[in-house]
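S.K.: Below you will find the structure I want to go over with you.
The numbers here are math on the coordinates, done by the rules we state, and not lab data. This is a predicted model, so every value here is computed, not measured. As a convention, Cβ positions derive from the backbone with ideal geometry for all residues, glycine included, and neighbour counts pool all protein chains shown.
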Amino acid sequence: MFYKCIVIISILLTLPALGFSQINNTVAESFILEFYQPSPETEPYALLLAESGIIEEAVADLEDLFSLPVPIKIVFASGIEGPQYYQGVINMPYEFLMQNDLILSAAQFSDDPEVIAQTILNLTEFVLYHEVGHALVDILDIPVLGKEEDAVDGFAAILSSIWELDEVALSTADVMNASSSLNAGSDITDAEFWDSHSLDEQRMFTIFCLIYGSNPKEHASLLSDIGMPAEQQDRCQYDYNNTYRNWGRVLEGYIKN
Ligand SMILES: [Zn+2]
């Protein structure tokens, strides 16, 4: 339930230099960010987020990049369903951070609490970009050919790479790997095949592939470390360029500069 709104961040845009083409543009706030009081159980995670400032930075970067006809509201709270996008609102429950903390502990991901905390923050940032991808598809009526979940993972990977936040995407792939390692040895259920998301391992490989493809020199050993065959690695650069180009095409007109 919502308690009281503790922070509302409204980033006001400065209007671009006025020209005829811009006067009628809907240059309003494109993103509204709201944090609500956490439940006692999720308070440490809300504090972790607040102290890191990553969400405020992410939203400021989004605001700098996009000019949208209607704003997207981003809500961080306890006891809400999500992460999800629905009718103009992205819900980001603090419980999501807690659940992934449990997954990383169960998978013995690291002994270092700082590594765990940073991984959870990176994951949260990536998932926010993923949900922004869903929001853009809806608000801008973007045609999606194929699985929307895969398309918006690609969108989140592109944002991570252009903002030089490769770790945001790579941590997300690490969490997916940790999560799937917990189920190692058990059969994939029908429910997992029916899920709108690809399997965690597939999502992990796709994210690694796109980040490698964004800069193969910098990430030279990334794919061999996770065992992707060399002949498939060449595809990643094509996939990255293709994803980048296609998102650029459908978002043309909504990107500043
Ligand atoms: Zn999704």
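S.K.: If a residue must be in a loop (DSSP other than H, G, I, E, B), more than 22 Å from residue 120 (Cβ to Cβ) and either away from the ligand (no atom under 15 Å from the Cβ) or of a type in the set (Asp, Glu) (or both), how many such residues does the stretch 174-228 contain?
M.R.: The total comes to 15.
S.K.: Within the stretch 197-246, track down each residue that is among the polar types (S, T, N, Q) and either more than 18 Å from residue 156 (Cα to Cα) or touching a residue at least 40 places away in the same chain (Cβ under 8 Å) (or both).
M.R.: Initial filter on the stretch 197-246 (among the polar types (S, T, N, Q)): 198, 202, 206, 214-215, 221, 224, 232-233, 237, 241-243, 246.
Across the stretch 197-246, the qualifying residues are 198, 206, 214, 215, 221, 224, 232, 233, 243.
S.K.: Something else: Tell me which residues, restricted to the stretch 171-196, are surrounded by 15 or more Cβ atoms within 10 Å (Cβ to Cβ), without any contact (Cβ under 8 Å) to a residue 40 or more places away in the chain and among the hydroxyl-bearing types (Ser, Thr, Tyr).
M.R.: 180
S.K.: Just checking, does the stretch 79-86 include any residue being of a type in the set (A, V, I, L, M) and out of contact with any Pro (no Cβ under 9 Å at 6 or more places or on another chain)?
M.R.: No: the stretch 79-86 contains no residue that is of a type in the set (A, V, I, L, M) and out of contact with any Pro (no Cβ under 9 Å at 6 or more places or on another chain).
Table: residues versus (1) surrounded by fewer than 21 Cβ atoms within 10 Å (Cβ to Cβ); (2) within 16 Å of the ligand (Cβ to nearest atom); (3) within 21 Å of residue 205 (Cα to Cα).
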site	(1), (2), (3)
103	yes, no, yes
125	no, yes, yes
132	no, yes, no
145	yes, no, yes
156	no, yes, yes
169	no, yes, yes
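S.K.: Still on this structure, please answer the following. Going by the structure shown, is residue 160 closer than 21 Å to residue 213 by Cβ and either away from the ligand (no atom under 11 Å from the Cβ) or hydrophobic (A, V, I, L, M, F, W, C) (or both)? Reasoning before the result, please.
M.R.: On the way: closer than 21 Å to residue 213 by Cβ: yes; either away from the ligand (no atom under 11 Å from the Cβ) or hydrophobic (A, V, I, L, M, F, W, C) (or both): yes.
Considered against the rule, which asks whether it is closer than 21 Å to residue 213 by Cβ and either away from the ligand (no atom under 11 Å from the Cβ) or hydrophobic (A, V, I, L, M, F, W, C) (or both), residue 160 comes out as yes.
S.K.: Which of the residues belonging to the stretch 68-81 are surrounded by fewer than 19 Cβ atoms within 10 Å (Cβ to Cβ) and under 23 Å from residue 148 (Cβ atoms)?
M.R.: From the stretch 68-81, those surrounded by fewer than 19 Cβ atoms within 10 Å (Cβ to Cβ) are 69-71, 73, 75, 79, 81; that's our starting set.
Those that are surrounded by fewer than 19 Cβ atoms within 10 Å (Cβ to Cβ) and under 23 Å from residue 148 (Cβ atoms): 69, 70, 71, 73, 75, 81.
S.K.: Looking only at the stretch 68-127, which residues are touching a residue at least 24 places away in the same chain (Cβ under 8 Å), in a helix (DSSP H, G or I) and of a type in the set (D, E, K, R)?
M.R.: Of everything in the stretch 68-127, those that are touching a residue at least 24 places away in the same chain (Cβ under 8 Å), in a helix (DSSP H, G or I) and of a type in the set (D, E, K, R) turn out to be 95, 101, 125.
S.K.: Looking at (1) within 25 Å of residue 206 (Cα to Cα); (2) under 16 Å from the mean Cα position of the chain (by Cα), find the lone condition where residue 94 falls short.
M.R.: (1)
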